[in-house]
Amino acid sequence: MEIRFKIRVSATLAMSPAMAVLTTENKESQYQNGVKRLHENGISKVPNKYILPVLERPNITKHQEANVTKNNLKLPIIDFHELQGPNRPQVLESLASACEQYGFFQLVNHGIPSDVVSNMIDVGTKFFELPFEERAKYMSSDMRAPVRYGTSFNQNKDRVFCWRDFLKLVCHPLPDVLPHWPSSPVDMRNLAATYAKETKYLFLMLMEAIFESLGLVESSSSPAKKKTTEEDEVLKEFEDGSQLMVVNCYPPCPQPDLTLGMPPHSDYGFLTLLLQDEVEGLQIQFQDEWVTVEPIANSFVVNVGDHLEIFSNGKYKSVLHRVLVNSRKDRISVASLHSLPFMRPVGPSPKLVDELNPKRYKDTDFASFIEYISSREPKKKNFLESRKLT
Ligand code: OGA
Ligand code: NI
C-alpha cells in the first residue's frame, strides 16, 4: 500500500509540470475561442483572463470613487430628414457643436428602411448562434482579411481579454469582398451588403454636411456655388473610401463589474455609424466622466473618428468610448467605420490651418494605422497621440 502510494506520488510529481502546461494551453485556446463559447458552456465566474486591474474596472472613476451612481447621457440629436430641408443651416450648427463638444450624436429620421436595419441585427445575431465550428471557419489573425471572426480587442496582444466577440466585414470594393463573407446564415451576404450600401450612402451625405459645417464647401443647393474646389474633390474620394463593418456580440457576463466589453478606445476613420439594439452598454467620456448613451429606437449613434479629428485640425473631437457588459442580456451592435481610400494620406485640411491655428497633426494613412495596431497593444488614444505635432 505504502509503496503504491509512493509510486503514485512520484508519478504525479513527474507529470504535473507537463500537465500544468497542457491545462494552461487549453485554457488559453479556450479564451481564443471567444466569450460566446464560454457563455454557451455555462460559467458562473469570470475567468482571470478577463479580470481588469482594479483601476480599470468599470465602476471606479479615476478619482477612485466606488459605487458611482449611473450616469446617463442624452446625446445631441440630429434629424437627417431636417438636414435635407429648409432648416439645414440650423441643423449644421447643431452638427458642428455636437462634433466639437461631444464627438458624438444620435442620428434620427435617417431614412434607411426599418427592415434593412432589423434584418442586419437579426442576421448578426444568428451568425453568433451558429455552431462554433461554423463560426470558427472565419477566424483569422490577418488584419487585412476580408472577413475576420475573433474575440477581445486585439486577441494577439491583449493581456486581459475583453468580453466581446466580433465579426469584421471589409465592405469595399463590395463585389471583390462579398464572395469571402460568411455563406451562413444563408441570407447573410445579401442582407449585410444591403445594409452596408445604405450606411455608406448615409455616411456620404453626412460628410457633405460636415464639410459644410466646417466651412469647407458651399451648400450644393447654393445658387452662389460656382466652381468645384479641392474640398469637393475630397468629398468625391469618399465614394471610393474604405468601409469596415463590425458586428459586436456581448454575451451575458456573470461578473460585469470586473471586465469590459470593449476597453476605452477611439475609432480610426472619419465617422462611425453605430447601430445598437435596445440593451445599453456604450459609454463615452464626457467632462472627465464615463456616461452611458441611452439607446434610441430607429437611430444611429454617430461618432467622429481619429481621421476626422486630424482632418479638422482638432476642431472636431474623436472621443474615447468603451462598452459595459451585463449579466442578463445578450447585446449586439453593428459598427460601420468609414474613411478615405485605404492608401490615401489624411492630414489637416489646408483651409483649417493658418497662423492662429497651426497644423496640429502629421499626415497619416490607414495602412500606417493598421501597421500601428498590429505592432502594439492599442491603449486609449495612442494612435492619435502619435500623430500630434507638439
Ligand atoms: C466599436 C464600438 C460600441 C458598441 O465597435 O468601435 O465602439 O456599443 N462599439 O458596440
Ligand atoms: Ni468604437
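Quick look at the values:
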quantity: The range 178-197: number of residues that are without any contact (Cβ under 8 Å) to a residue 12 or more places away in the chain, surrounded by fewer than 18 Cβ atoms within 10 Å (Cβ to Cβ) and of a type outside the set (A, V, I, L, M, F, W, C); calculated: 3
quantity: Residue pairs meeting the criteria (Cβ under 8 Å; at least 6 apart or on separate chains; first closer than 17 Å to THR259 by Cα, in the range 315-333; second hydrophobic (A, V, I, L, M, F, W, C) and more than 16 Å from ligand 2 (Cβ to nearest atom)); calculated: VAL325/CYS253; ASN326/CYS253; ASN326/VAL279; SER327/CYS253; LYS329/VAL279; ASP330/VAL279; ARG331/VAL279
quantity: Any hit, the range 339-362, residues being among the hydroxyl-bearing types (Ser, Thr, Tyr), modelled with pLDDT under 95, buried (at least 19 other Cβ atoms within 10 Å of the Cβ) and not in a loop (DSSP other than H, G, I, E, B); calculated: yes
quantity: Wholly within the range 155-261, helices (runs of 4 or more DSSP H) carrying at least 3 residues that are under 18 Å from the mean Cα position of the chain (by Cα); calculated: 188-213
quantity: Of residues in the range 293-309 being of a type in the set (D, E, K, R) and surrounded by 21 or more Cβ atoms within 10 Å (Cβ to Cβ), the one nearest to ligand 2 (Cβ to nearest atom); calculated: ASP306
quantity: Any hit, the range 279-291, residues being within 27 Å of LYS197 (Cα to Cα), within 18 Å of the chain's Cα centre (by Cα), crowded, with 21+ Cβ neighbours inside 10 Å and away from ligand 2 (no atom under 13 Å from the Cβ); calculated: no
quantity: Extreme residue, modelled with the lowest pLDDT, among residues of the range 29-47 that are hydrophobic (A, V, I, L, M, F, W, C) and part of a helix (DSSP H, G or I); calculated: LEU38
quantity: Residue satisfying condition, being farther than 21 Å from LYS74 by Cα, among the hydroxyl-bearing types (Ser, Thr, Tyr), within 12 Å of ligand 1 (Cβ to nearest atom) and buried (at least 23 other Cβ atoms within 10 Å of the Cβ), within set SER336, SER312, SER318; calculated: SER336
quantity: Selected residue (criterion: farthest from ligand 1 (Cβ to nearest atom)) from residues of the range 238-248 that are within 30 Å of LYS45 (Cα to Cα) and crowded, with 21+ Cβ neighbours inside 10 Å; calculated: VAL247
quantity: Single residue of the range 249-270 satisfying the filter (in contact with a helix residue (DSSP H, G or I) (Cβ under 6 Å, 6 or more places away or on another chain) and of a type in the set (A, V, I, L, M, F, W, C)) that is surrounded by the most Cβ atoms within 10 Å (Cβ to Cβ); calculated: PHE270
quantity: Within the range 326-341, considering residues that are of a type outside the set (Ser, Thr, Tyr) and under 12 Å from VAL279 (Cα atoms), the one farthest from ligand 2 (Cβ to nearest atom); calculated: ARG328
quantity: Positions within the range 259-308 being within 28 Å of PHE161 (Cβ to Cβ), touching a Ser or Thr at 6+ places or on another chain (Cβ under 6 Å) and away from ligand 1 (no atom under 12 Å from the Cβ), in sequence order; calculated: VAL304, HIS307
quantity: In the range 136-154, the residues that are in a loop (DSSP other than H, G, I, E, B), of a type in the set (Gly, Ala, Ser) and surrounded by 18 or more Cβ atoms within 10 Å (Cβ to Cβ); calculated: SER152
quantity: Matching residues in the range 40-52 - criterion: being over 17 Å from VAL323 (Cβ atoms) and touching a residue at least 60 places away in the same chain (Cβ under 8 Å); calculated: GLU40, ILE43, SER44, LYS45, LYS49
quantity: Unmet criterion (only one of (1) crowded, with 16+ Cβ neighbours inside 10 Å; (2) of a type outside the set (A, V, I, L, M, F, W, C); (3) over 30 Å from ARG322 (Cβ atoms)) for PRO175; calculated: (1)
quantity: Criterion violated by LYS200 - all others in (1) surrounded by 19 or more Cβ atoms within 10 Å (Cβ to Cβ); (2) closer than 30 Å to TYR50 by Cα; (3) of a type in the set (D, E, K, R) satisfied; calculated: (2)
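The values are calculated or read from the model by the stated rules, or taken from the named source; none is laboratory data. What you are looking at is a predicted structure, and each value in this text was computed from that prediction instead of being measured. For neighbour counting, all protein chains shown are included, and Cβ atoms are generated from backbone atoms with ideal geometry for every residue, glycine included.
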